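Everything on this sheet refers to the single structure shown next.
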Amino acid sequence: MRHPLVPLCALAGAALLASGCSPGSSSAGGQSAASAAMASPVVAKAPAEVGADELGQVPVLMYHQLTAKPTSVYDRTPADFRAELERLAREKYVPVTARDFQTGHIDIPAGTHPVVLTFDDSTNSQVSLDASGNPTRDSAIAILAETAKKHPEFKPVATFFVNADAFSATGPAKALAWLKAHGYEIGNHTDRHPNLGSLDQAGAARAIAGGQQAIVKAAPGTKVTSLALPFGAMPKPPEVAAKGTGYRNDGVYLVGANPSVSPFTKDFKPGAIPRIRSAGPKDPDAEFGSSRWLDKLAEGKNWYVSDGDPNTISFPSASQDKVAPAFAKKARPY
């Protein structure tokens, strides 16, 4: 998805425990450990204690290609990607899929922030499997797994917006099956990446439906509910992106270039969710890129902060008027 980066706001003005019990433990030891666990329950923290604000902003980051020698503003090196994930983990961000974000199913620990990692164009640098079916070194999925291993709260989940013939080096069937098996979301990026704004209504609908069909053919049973617009171009009318014959998308994703509002606010528009291009602090258009926006969110403290309970929406009482009516019953101002 390539497009000049302009902030959405500017456009408007001008997202069992496997019980690993080891067989050598004595029953007495097991009972003792169980008793200790029962005697010391985990105490939930009050929203005010963690500064919960589930009406805060959420960065939806956008990636395309990982390469040792970038040739485009949409390219990042594997080292860049590792560093960005490390920063996210260090700053207490927890990845959620686009599907969960757009529908408000955000289940992350208290005091942490959701981040949506999205990948466009189904490039081989994102998903690549070796002959044994394991992620190849320096692929996006390998780096995500590495980061999650180092930082257990950092979930290795993301949304991959794919075209027909996704991840050609591995093969669509093998690659998409792996993604499904490992908890990743597969989203639609149309069949052949056309500019939907340049097509008539029927043509745009065919391109979106074609992408959906390619996914289901490669990975039967996949539920596709998220769409990223090629080039960030909206079809005419815009409603075509969300619903047509053979497809229905709960979330439609743009290109740039600012954080999204919370899905629990009145201002949230699931048919036009902004994203932020991954970029270093000195890259072209850096002011619209991830490094600068993460700085701004950390400095302004206007980010989404979880209360740790997916069934409530906590926020400072001064923000009461921002809550969308659909979520009023879950609202917990403090």
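For the stretch 50-137, the dipole from Cβ point charges (+1 on Lys and Arg, -1 on Asp and Glu) about the Cα centre works out to 280 debye, to the nearest 20.
With the simple spin-label model, which puts each label point 7 Å out from Cα in the Cβ direction, the Arg248 to Asp295 separation comes to 4.4 nm.
Under the convention that each Lys and Arg Cβ holds +1 and each Asp and Glu Cβ holds -1, the size of the dipole of the chain around its Cα centre is about 360 debye.
Mind pulling up the Rg/Rh value for the stretch 166-244? Radius of gyration and Kirkwood radius, both on Cα. Kindly include the intermediate steps, with their values, before the conclusion.
On the way: Rg = 12.8 Å, Rh = 12.9 Å.
Looking at the stretch 166-244, the ratio lands at 1.00.
Placing +1 on each Lys and Arg Cβ and -1 on each Asp and Glu Cβ, with no other charges, gives the stretch 209-334 a dipole about its Cα centre of roughly 360 debye.
With the full set of protein chains in place, find how many percent of the accessible area of the stretch 190-334 is carbon and sulfur; take the probe as 1.4 Å.
Details: 3620 of 6700 Å².
Carbon and sulfur atoms account for 54 percent of the accessible area of the stretch 190-334.
Report, please, the projected area of the stretch 97-165 averaged over directions, based on the convex hull of its C-alpha atoms, in nm². Directional mean of the projected Cα hull area for the stretch 97-165 stands at 5.7 nm².
Compactness ratio of the stretch 69-186: Cα Rg over 2.2 N^0.38 Å, N = residue count? The partial results should precede the final answer.
Details: Rg = 14.1 Å, N = 118, 2.2 N^0.38 = 13.5 Å.
The stretch 69-186 yields a ratio of 1.04.
For the stretch 277-334 versus the stretch 129-202, the inter-centroid distance based on Cα atoms is 26 Å.
Return the ratio Rg/(2.2 N^0.38 Å) for the stretch 201-244, where Rg is computed over Cα atoms only. Show your work: numbers first, answer last.
Numbers: Rg = 10.7 Å, N = 44, 2.2 N^0.38 = 9.3 Å.
Relative to the rule-of-thumb radius for its length, the stretch 201-244 sits at 1.16.
Express the Stokes-Einstein translational diffusion coefficient of the stretch 122-221 in µm² s⁻¹, to the nearest whole number, given a Kirkwood radius over alpha-carbon pairs, 4 °C and a viscosity of 1.567 mPa s. My calculation gives 91 µm²/s for D.
Scoring 246-254, 209-217, 129-137, 94-102 by mean Cβ neighbours within 10 Å over their residues and listing the highest first yields 94-102, 246-254, 209-217, 129-137. Considering only Gln65, Leu179, Ser290, the residue lying farthest towards the positive end of the dipole of the chain is Leu179, judged by Cα position with unit charges set on Cβ. Each peptide in 186-197, 109-120, 69-80 was scored by the mean count of other Cβ atoms within 10 Å over its residues; highest first, the order is 109-120, 186-197, 69-80. Counting only protein heavy atoms and a 1.4 Å probe, the stretch 143-227 has 43 square angstrom of accessible area per residue.
Across the chain, the volume of the C-alpha convex hull divided among the residues equals 162 Å³ per residue.
Over the stretch 199-334, what per residue volume does the convex hull of the Cα atoms give, in whole Å³? Mind dumping the intermediate values first?
Working: hull volume 21.8 nm³, N = 136.
Each residue corresponds to 160 Å³ of Cα convex hull volume.
Mean projection of the Cα convex hull over all viewing directions, computed for the stretch 68-129: 5.6 nm².
The values are calculated or read from the model by the stated rules, or taken from the named source; none is laboratory data. If you're wondering where the values come from, they're calculated on a predicted model, not measured in any experiment. Because the Cβ atoms are built from the backbone with ideal geometry, glycine has one as well, and the counts that use them run over all protein chains shown. Just so you know, the surface numbers come from the protein's heavy atoms only, side chains and all, with ligands and any DNA or RNA stripped out. Shrake-Rupley method; radii C 1.70, N 1.55, O 1.52, S 1.80 Å.
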